[in-house]
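The values are calculated or read from the model by the stated rules, or taken from the named source; none is laboratory data. Given the structure is predicted, the values throughout are model-derived calculations rather than measurements. All Cβ positions, glycine included, derive from the backbone under ideal geometry; neighbour counts span all protein chains shown. Remember, those area values only see protein heavy atoms, side chains included, never the ligands or the DNA or RNA. Shrake-Rupley method; radii C 1.70, N 1.55, O 1.52, S 1.80 Å.
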Amino acid sequence: MNDLSSRIWPPFDATLPGAKKYDESDPLKSVRSLFHIPKTAAGSDVIYLTGNSLGLQPTSTRSEVLEVLDDWQQYGVEGHFKAKNAWMPYHQRLTEAMATVVGALPSEVVVMNSLTVNLHLLMASFYRPEGKRRKILIEHHAFPSDRYAVRSQIAWHGHDPDQDLLIAGASENKDILDETEIESLLAEHGAEIALVMLGGVNYYSGQLFDLPRIARAAHQAGAKVGFDLAHAAGNVALSLHDWDVDFAAWCSYKYLNAGPGGPGAVFVHEKHGTDFSLPRFSGWWGHDAATRFKMPEKYQPMTGAEGWQLSNPPILSLAAMHAALSVFTSVGMAAVTRKSGLLTAFCMQLLSQECAEGIEIITPTDPKRRGAQISIRVKPRGTLTGRQVFERLEENGVICDWREPDVIRLAPVALYNSFEDVYLFVQRLKSALVE
Ligand SMILES: *Cc1c(COP(=O)(O)O)cnc(C)c1O
């Protein structure tokens, strides 16, 4: 009767017994035990709603990392070939699982470097300003680092970022950006736009963009399209190959749970993977693996995304990422997004029922336009500020996050958050909102 997958919600039974009942019938309820949940000083589980910023540690991470340390201790340099999982091809252990999470062919994905570095490497290939076509289109409220990155790319090509950076939605300064606005900018300025680069899920509002629609519009205008999927990978359903996206990059430490500073990953569409005329930066790890160690005079890139690698990768971090991706492989993205849709809807309903007077919900209510993130703005009342509400939550065993100037972000993560977490969070928020 309470099978989560076969009923249409909401309305949910928004009580503590209701939350417990949903947890009981949750097909992923045992997955929480595959993660370490941080504890309060009193020893109980914190309510961790920050998986969009740093995902929790899988219980299998420690042993996978220790295995690398043990092999290094035992074999020294020979671990490249003799380790239980040899380091030379170690990154390939991650490829298939990573490709599945983002809807790509294995040849289109490689784990390497970190996110912002990868954005630059990919823009070196896919942002090629020429004549009048030299603008980059990004979204209002793009992650500041992404804005720094695209501005510096424009300047690096000898152009003026103030002229050549187009920001969709900036004039209206709204939290949510309608796709039609991006389309009309492309219709109007298409011939001048070289690259459309958006965050798949906006870090600030939690809005999920209609990525295939944006990819289509960008291509129609003759532009390349790339996505920053930092907040989308491991969070929402993606089909990068079928959507014909040119490139994408993401990090692994948010919804993917690979640990602080975990490696980045990139997608390069198959159609570009054998195009060796594309300008790219080169390093030995992108060289054809068959002859890499012969170190020939002439550089011969690998086909596919692997051809964008430069350096030998950090094996200890890859081990942590392998542990994290194994959870996704066993659970599957379909189960993740199904539960996350319910958990987020449950949270939305409770917030509107219990806290409507004190907060405004920024994130779209339409489940197709969001993943597992809800951004709220505390309404100014009396002397109580949003920042104070956030601090009260922290004092009360809730870890969520604060974004200047006025936003609290919560991520009910399907793999380790429960309906009870969400229920208790809303109760604590309600008390924190009392003047
Ligand atoms: C988290 C995040 C980053 C962080 O970049 P790093 O290179 O991993 O430090 C960049 N862009 C977006 C959109 C993010 O959400």
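Backbone N atoms of the stretch 409-435 closer than 18 Å to the 7 Å Cα→Cβ label point of T40 belong to residues 417-434. In the stretch 226-354, one over the average inverse separation of all distinct C-alpha pairs is 17.0 Å, which is the Kirkwood hydrodynamic radius. Computed from point charges on the beta carbon alone (+1 for Lys and Arg, -1 for Asp and Glu), the dipole magnitude for the stretch 347-404 about its Cα centre is near 260 Debye.
Take 154-161, 315-322 and order them by the average number of nearby Cβ atoms within 10 Å per residue, most first; the result is 315-322, 154-161.
Can you give me the Kirkwood hydrodynamic radius for the chain, using every pair of distinct Cα atoms, in Å to one decimal? Taking the inverse mean of 1/r over all distinct Cα pairs, the chain comes out at 22.8 Å. Across the chain, Cα pairs under 8 Å and at least six residues apart give a relative contact order of 23 percent.
Dipole magnitude of the chain about its Cα centre, charges +1 at Lys/Arg Cβ and -1 at Asp/Glu Cβ only, in debye to the nearest 20?
Values: 41 positive and 50 negative charges, 79 e Å.
So the dipole magnitude of the chain works out to roughly 380 debye.
The label point for Q163 and the one for E96, both projected 7 Å from the Cα toward the Cβ, are 5.1 nm apart. Can you list the DSSP H helices in the chain whose Cα atoms extend at least 30 Å along the helix axis and whose mean Kyte-Doolittle hydropathy is 0.0 or higher? Those that clear 30 Å and a mean of 0.0 are 333-355.
Using only DSSP helix segments of four residues or longer, with each worth -39500 (n - 2.57), what per-residue ellipticity at 222 nm results for the chain after dividing by its residue count and rounding to 500?
Taken over the chain, the calculation gives -11000 deg cm²/dmol.
Using heavy atoms of the protein chains and a probe of 1.4 Å, the accessible area assigned to Y90 is about 0 Å². Stretched out straight at 0.36 nm per residue, the stretch from E360 to S30 would grow longer than its current Cα-Cα span by 115.5 nm. Using heavy atoms of the protein chains and a probe of 1.4 Å, the accessible area assigned to C400 is about 10 Å².
Tell me the relative contact order for the stretch 71-219 as a rounded percent, counting alpha carbon contacts under 8 Å between residues six or more apart.
Numbers: 155 pairs, mean separation 31.3, N = 149.
After rounding, I find 21 percent.
Between T329 and F293, the simple spin-label model (points 7 angstrom out along Cα→Cβ) gives 2.4 nm.
Per-residue SASA remark: K339, around 10 Å² accessible (1.4 Å probe; ligands, DNA and RNA not included). Annotation: extensible slack from D210 through Q300 equals 28.7 nm (criterion: 0.36 nm per residue apart, minus Cα-Cα distance).
Protein heavy-atom accessible surface, 1.4 Å probe, per residue over the stretch 82-148: 40 Å².
Remind me, relative contact order of the stretch 1-133 in percent, using alpha carbon pairs under 8 angstrom and six or more residues apart? It would help to have the intermediate numbers written out before the result.
On the way: 67 pairs, mean separation 13.8, N = 133.
The normalised contact order for the stretch 1-133 reaches 10 percent.
Annotation: amide H of F35 within the under-5 Å range of T59, sequence separation 5 or more or interchain, hydrogens built in the peptide plane. How large a share of the accessible area of the stretch 165-232, in percent, is made up of carbon and sulfur atoms when the probe is 1.4 Å and the other protein chains stay in place? Reported share for carbon and sulfur atoms: 46 percent. Give me the one-decimal nm value for the distance between modelled label points at F81 and S152, 7 Å along each residue's Cα-to-Cβ direction. For the pair F81/S152, the computed spacing is 3.9 nm. In plain terms, the chain from L66 to A237 could stretch by 58.3 nm, reckoned as 0.36 nm per residue minus the Cα-Cα distance.
Here the stretch 309-435 is treated with +1 on each Lys and Arg Cβ and -1 on each Asp and Glu Cβ, and its dipole about the Cα centre works out to around 380 debye.
For V196, the residues 5 or more places off, or on other chains, whose built amide H falls under 5 Å of its own are L137, K224, V225, G226.
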